[in-house]
Amino acid sequence: MGKKKKSKKTAGWTGDVADLLRVGPDFDLASFDRGGTPGWDGDKTSAAAFMRKRGDELSDLQERLFADGKSDGTHSVLLLLQGIDTAGKGGIVRHVIGMVDPQGVALASFGVPTAEEASHHHLWRIRKQLPPPGKIGVFDRSHYEQVLVVKVDELEPPDVNATRYDELVDFDHEIVSGGTTLIKVAMMVSHAEQGERLKERLERPDKWWKYNPGDIDVRERWDDYQAAYSEMLTRTSTEEAPWYVIPADRKWYARLAVTELLYGALTDLDLAWPEADFDPKVELERLAETSRA
């Protein structure tokens with residue numbers, strides 16, 4: 001008898017990625033491994049195959065959400081992406097959100113406030129971009145800039161900035177209470193990897209458009225930003241709206257992890273296809289009557 005062939009193990013998640021990446025009371029950003037692949041037992045190649053499968057499933061789930069919104073449903077999803085320059089937020093939008101129908105996506109990017117935006121409360125421009133029922137909203141940066149850039153650059157008095165954490169938690173509660181599933185993602189790249197990515201942008205003419213000299217100014221304040229992120233994560237990660245910290249040195253893992261978080265959120269909604277408000281049999285008969293020989 002010949003030797004029995006060993007079955008090939010299929011790579012996949014070894015645990016719930018939401019549990020693995022969620023910020024809890026003992027989270028320590030300083031010791032966080034930014035090159036790790038928590039919960040994934042495969043490599044980059046197996047991750048790509050898994051992503052293709054999840055892409056088909058995400059497309060179906062997103063269509064269910066969109067159909068629910070068209071049928072007076074109240075559900076929506078908001079993926080909030082935070083991360084320093086080169087962390088890979090754009091790659092998430094392109095490679096993860098790009099797997100679903102764009103008509104079901106509401107993308108908003110928040111840079112320096114315009115004159116009009118600056119004349120209002122800082123949450124004014126955020127509220128305007130919240131996803132309506134049936135949509136997956138994506139925020140490239142968000143209201144959390146208030147305790148990151150604004151804090152580090154001292155753009156408002158420290159006593160005022162200190163009140164923002166509770167304000168942001170209350171705003172998250174408002175979002176969730178309104179029927180939106182909130183997925184807050186902080187993408188964490190290492191100092192060394194960020195340096196390599198900035199170097200690549202400077203050495204390749206096709207990436208010069210991505211580079212901003214201000215990126216170096218921010219990099220020079222690395223420790224200040226890390227401290228700001230650490231405080232933000234521990235003070236605003238709640239049961240109803242937790243933060244998920246994504247190791248971002250391996251782009252393929254970051255995209256895989258965010259895909260899984262989005263997949264889990266859409267699956268948990270458990271949306272059925274809306275019931276027809278017409279009689280399909282009658283409409284089929286009417287359609288048959290319009291046929292031409």
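Listed by first and then second residue, the pairs linking a residue in the stretch 138-164 that is within 14 Å of Asp85 (Cβ to Cβ) to a residue that is open to solvent by 40 Å² or more (accessible area, probe 1.4 Å), with Cβ atoms under 7 Å apart and 6 or more places separating them unless they lie on different chains, are Asp140/Ser109; Arg141/Ser109; Val152/Arg221; Val152/Asp224. Pairs are defined by a Cβ separation below 8 Å, a sequence spacing of at least 6 or placement on different chains, a first member in the stretch 67-91 that is under 16 Å from Thr180 (Cα atoms) and in contact (Cβ under 8 Å) with a residue 40 or more places away in the chain, and a second member that is open to solvent by 10 Å² or more (accessible area, probe 1.4 Å) and of a type in the set (Lys, Arg); the pairs so defined are Gly69/Lys135; Ser76/Lys135; Val77/Lys135; Leu81/Lys89; Leu81/Arg141. In this structure, is Ala241 touching a helix residue (DSSP H, G or I) at 6+ places or on another chain (Cβ under 7 Å) and within 30 Å of Leu168 (Cα to Cα)? Judged against the criteria, Ala241 is a match.
The set of residues in the stretch 214-223 being open to solvent by 90 Å² or more (accessible area, probe 1.4 Å) and either farther than 25 Å from Glu145 by Cα or at pLDDT below 95 (or both) consists of Asp217 alone. If you go through the stretch 149-207 and keep only what is aliphatic (A, V, I, L, M), open to solvent by 30 Å² or more (accessible area, probe 1.4 Å) and part of a helix (DSSP H, G or I), you end up with Val149, Val160, Val169, Val176, Ala192, Leu202.
Considering each residue of the stretch 17-64, count those that are in contact (Cβ under 8 Å) with a residue 40 or more places away in the chain and either β-branched (Val, Ile, Thr) or part of a helix (DSSP H, G or I) (or both), and give that number. Going through the stretch 17-64 one residue at a time, the tally reaches 21.
Kindly evaluate Lys135 against the criterion of being of a type in the set (D, E, K, R) and either surrounded by 14 or more Cβ atoms within 10 Å (Cβ to Cβ) or under 14 Å from the mean Cα position of the chain (by Cα) (or both). First the steps, then the outcome.
Working: of a type in the set (D, E, K, R): yes; either surrounded by 14 or more Cβ atoms within 10 Å (Cβ to Cβ) or under 14 Å from the mean Cα position of the chain (by Cα) (or both): yes.
When the stated conditions are applied, Lys135 passes them.
Residues are listed down the side, and each one gets a yes or a no for (1) at pLDDT below 95; (2) on the phi > 0 side of the Ramachandran plot; (3) open to solvent by less than 50 Å² (accessible area, probe 1.4 Å); (4) of a type in the set (A, V, I, L, M):
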{"position": "Asp19", "(1), (2), (3), (4)": "no, no, no, no"}
{"position": "Arg22", "(1), (2), (3), (4)": "no, no, no, no"}
{"position": "Pro25", "(1), (2), (3), (4)": "yes, no, no, no"}
{"position": "Asp28", "(1), (2), (3), (4)": "no, no, no, no"}
{"position": "Ser31", "(1), (2), (3), (4)": "no, no, no, no"}
{"position": "Arg34", "(1), (2), (3), (4)": "no, no, yes, no"}
{"position": "Gly39", "(1), (2), (3), (4)": "no, yes, yes, no"}
{"position": "Ser59", "(1), (2), (3), (4)": "no, no, yes, no"}
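Checking every residue in the stretch 128-144 against the condition of being modelled with pLDDT of 95 or more, out of contact with any Leu (no Cβ under 9 Å at 6 or more places or on another chain) and in a helix (DSSP H, G or I) gives zero matches. Of the residues making up the stretch 227-254, those that are buried (at least 17 other Cβ atoms within 10 Å of the Cβ) and either under 30 Å from Asp153 (Cα atoms) or among the acidic types (Asp, Glu) (or both) number 19.
When you check Val282 against the structure, is it at pLDDT 95 or above and in contact with a strand residue (DSSP E or B) (Cβ under 7 Å, 6 or more places away or on another chain), yes or no? Walk me through it before giving the result.
Numbers: at pLDDT 95 or above: yes; in contact with a strand residue (DSSP E or B) (Cβ under 7 Å, 6 or more places away or on another chain): no.
In short, no.
The values are calculated or read from the model by the stated rules, or taken from the named source; none is laboratory data. This structure is a prediction, so every number in the text was calculated from the model and none was measured. Glycine gets a Cβ as well: all are built from the backbone with ideal geometry, and neighbour counts include every protein chain shown. SASA here: full protein model, heavy atoms, side chains in, ligands and nucleic acids out. Shrake-Rupley method; radii C 1.70, N 1.55, O 1.52, S 1.80 Å.
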